[in-house]
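The values are calculated or read from the model by the stated rules, or taken from the named source; none is laboratory data. These numbers come from a predicted model, not from an experiment. FYI the Cβ positions are ideal-geometry reconstructions off the backbone, even for glycines, and counts take in every protein chain you see.
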Amino acid sequence: MKLGYLMMEGRGAAGLILGGVADRLRNDGIRPSGVVQAAPAGPGQHPCETALRVLPDGPLLVINQNLGPGSRGCRLDAGALELAIAEVSARFAGADVLIINKFGKQEATGRGFCSLIAEALDRDIPVVVGVNGLNLRAFLAFAGDLAEQLVPEESGIIRWLREDRMALVSLD
């Protein structure tokens, strides 16, 4: 069982690296499952705007509530997150790796993607998760001694995934 996590400064930075990893895996014939951030909020968008791309070929789903242009805070749309979880679950069969954009507040309380992470580990499918400082303690409590911090760069994550995984040996 392999459970790797990466931490980076900056909103969405880990998600962008994980998106690159997912794309590279797909290009090399490896089937990723999970969610990655589609793109960081652009000019004119609220900084909380978060769209997730369901892997390997699913839809883009916005998981934040639109609180209006004058809002300062962020609010998760729990229903949209549940839809993302359902979309990943529907595409999980045959996955070679599970990639989760962020171990967030929902996961910190045992909800969100926790059951899919546990299922992947039970099936000996490696898992890579982005974690921020606010949820690190909860993630480490969830992961126990399985958690391994990864260097936050695509090539290092790909190398880590290749270790002990014959299905991923073709990646360089």
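Observations on the structure shown:
- Residue within segment 76-85 that is on the phi > 0 side of the Ramachandran plot, at pLDDT 90 or above and in a helix (DSSP H, G or I) present: no
- Any hit, segment 120-137, residues being modelled with pLDDT of 95 or more, touching a Gly at 6+ places or on another chain (Cβ under 8 Å) and farther than 19 Å from L55 by Cβ: no
- Yes/no for A108 being modelled with pLDDT of 85 or more and buried (at least 16 other Cβ atoms within 10 Å of the Cβ): yes
- Failed item, numbered, when A93 is tested on (1) closer than 22 Å to G144 by Cα; (2) without any contact (Cβ under 8 Å) to a residue 40 or more places away in the chain; (3) over 14 Å from the mean Cα position of the chain (by Cα): (1)
- Selection count where residues are of a type in the set (S, T, Y) and under 15 Å from the mean Cα position of the chain (by Cα), scope segment 109-129: 1
- Of all residue pairs spaced 6 or more apart or on separate chains, those with beta-carbon atoms under 7 Å, a first member in segment 21-32 that is under 16 Å from I100 (Cα atoms) and a second member that is β-branched (V, I, T) and surrounded by fewer than 22 Cβ atoms within 10 Å (Cβ to Cβ) are V21/I158; R24/I158.
- Filter pass, G19 being among the small types (G, A, S), surrounded by 16 or more Cβ atoms within 10 Å (Cβ to Cβ), in contact with a strand residue (DSSP E or B) (Cβ under 8 Å, 6 or more places away or on another chain) and modelled with pLDDT of 90 or more: yes
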